[in-house]
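Report on the following structure.
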């Protein structure tokens, strides 16, 4: 029999060995000491989704008020859309801007968007039609422009802008060469201004005067100069602005000349120049006066009129230098060449000398200098002629242009010809009077009218080109 003390020792040892074994087993099963055991689950049960909190609520009673809708998320702030009227106005401005920049295809799209819009007002559609017609005019599509103006007048016959549309339609038809239809439209402008309300009286009066101008101009462009002179003369009697009265005066004078009344044209042109010395048409009027006087066989008056134009006051020339330069050159060339060809060499040389002062460019001065040298040669002033020819040769060498090279070749031949002519004159003089040794050169003969006593070199160029 085992003693009690010994049995107690063995039991304590057994308990000590059993505790680690129990702890290891619990860990293998996933148990944590001191934690409550989880509820048992079926081995093959699938994972459950997270329940919707709303699903846990009891269904509402049939008599309960409806639950409030969940609050919508805060909307992003957006700009307030512009009204349709503002959109149409923007498209009209865009069309005008694109037309001014010559982007015609894009401008047409802008105008047609307004015309085809269901929200555009009648006023917007009218503006789009007129803008589209004006765009086609600037583009050069005159037939399309005329069609758009006709559509505007058909759809909006009583509109306050009808006279403007008729005026532009008449100008378009005139550009197309349909003169009778154009005149009919201008008369329609006169009739339309009589039917419009009296609020814009000044504007309608201006439209009526403009229509009368256009009628006269259409007769002028159609070649009906008697009718044009009649209408322009009538316009001078109206209460017009000074610039319009001056224009009517000039055009009436011009129509007289084109009509064949040269004497009447010369008188009217003199009166116009005296009455309106600062008008923009004065340079052209001086040209017309000069050639009219030349045709009337009054060469000295024509010469004086040309000199007046070439020696015009600098203040007037500065107001419109391009216009004055054009008419000065054209008039001077025309009359100087005419005087030279008819044998009036002295007047021709004076005009060529004045033409030289108009511009410093070699392309302008070299031909004139050559012509001036021909005049000196014809007048018997060999030294001045030789000097002018040398100026042409030297200037053409600096210029390097093909035209300048040809002028230099002709001028060089002329210098050679002058030397040959002087030498020949001395030899002939010595035959008749050997004691003189030298004599004055023979009078220069015009290359176009006389030949030297001895045959000139075979490489002589043709007659000089006029500038």
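The values are calculated or read from the model by the stated rules, or taken from the named source; none is laboratory data. Quantities reported herein were computed from a predicted structural model and do not represent experimental measurements. Virtual Cβ from ideal backbone geometry, glycine too; neighbours counted across all protein chains shown.
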**Request:** Within region 364-372, identify whether any single residue is on the phi > 0 side of the Ramachandran plot and either crowded, with 16+ Cβ neighbours inside 10 Å or out of contact with any helix residue (DSSP H, G or I) (no Cβ under 8 Å at 6 or more places or on another chain) (or both), and answer yes or no.
**Result:** no
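Every residue, every condition in (1) in a helix (DSSP H, G or I); (2) buried (at least 16 other Cβ atoms within 10 Å of the Cβ); (3) touching a strand residue (DSSP E or B) at 6+ places or on another chain (Cβ under 9 Å), yes or no:
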{"position": "111", "(1), (2), (3)": "yes, yes, no"}
{"position": "114", "(1), (2), (3)": "yes, yes, no"}
{"position": "118", "(1), (2), (3)": "no, no, no"}
{"position": "138", "(1), (2), (3)": "yes, no, no"}
{"position": "147", "(1), (2), (3)": "yes, no, no"}
All conditions in (1) surrounded by fewer than 22 Cβ atoms within 10 Å (Cβ to Cβ); (2) closer than 29 Å to residue 349 by Cβ; (3) over 33 Å from the mean Cα position of the chain (by Cα); (4) modelled with pLDDT of 95 or more are true of residue 263 except (2)
Residue set 406, 383, 416, 387; condition in a helix (DSSP H, G or I), modelled with pLDDT under 90 and out of contact with any strand residue (DSSP E or B) (no Cβ under 6 Å at 6 or more places or on another chain); output residue 406
Being buried (at least 18 other Cβ atoms within 10 Å of the Cβ), within 34 Å of the chain's Cα centre (by Cα) and farther than 21 Å from residue 414 by Cα narrows 358, 335 down to just 335
**Prompt:** Is it the case that residue 143 is at pLDDT 95 or above and either exposed (fewer than 14 other Cβ atoms within 10 Å of the Cβ) or assigned to a loop (DSSP other than H, G, I, E, B) (or both)?
**Reply:** yes
- Item | residue 307 being in contact with a helix residue (DSSP H, G or I) (Cβ under 8 Å, 6 or more places away or on another chain) and surrounded by 15 or more Cβ atoms within 10 Å (Cβ to Cβ) | yes
Result of the Cβ filter at 7 Å on region 199-221, keeping first residues that are under 18 Å from residue 165 (Cβ atoms) and partners that are not in a helix (DSSP H, G or I), at least 6 apart or interchain, is 204/196; 209/238; 209/240
For region 156-186, the count of residues that are in a helix (DSSP H, G or I), at pLDDT below 95 and surrounded by fewer than 18 Cβ atoms within 10 Å (Cβ to Cβ) equals 0
- Message: Based on this model, can you work out whether residue 272 counts as under 17 Å from residue 215 (Cβ atoms), touching a residue at least 12 places away in the same chain (Cβ under 8 Å) and either surrounded by 18 or more Cβ atoms within 10 Å (Cβ to Cβ) or in contact with a strand residue (DSSP E or B) (Cβ under 8 Å, 6 or more places away or on another chain) (or both)?
- Response: no
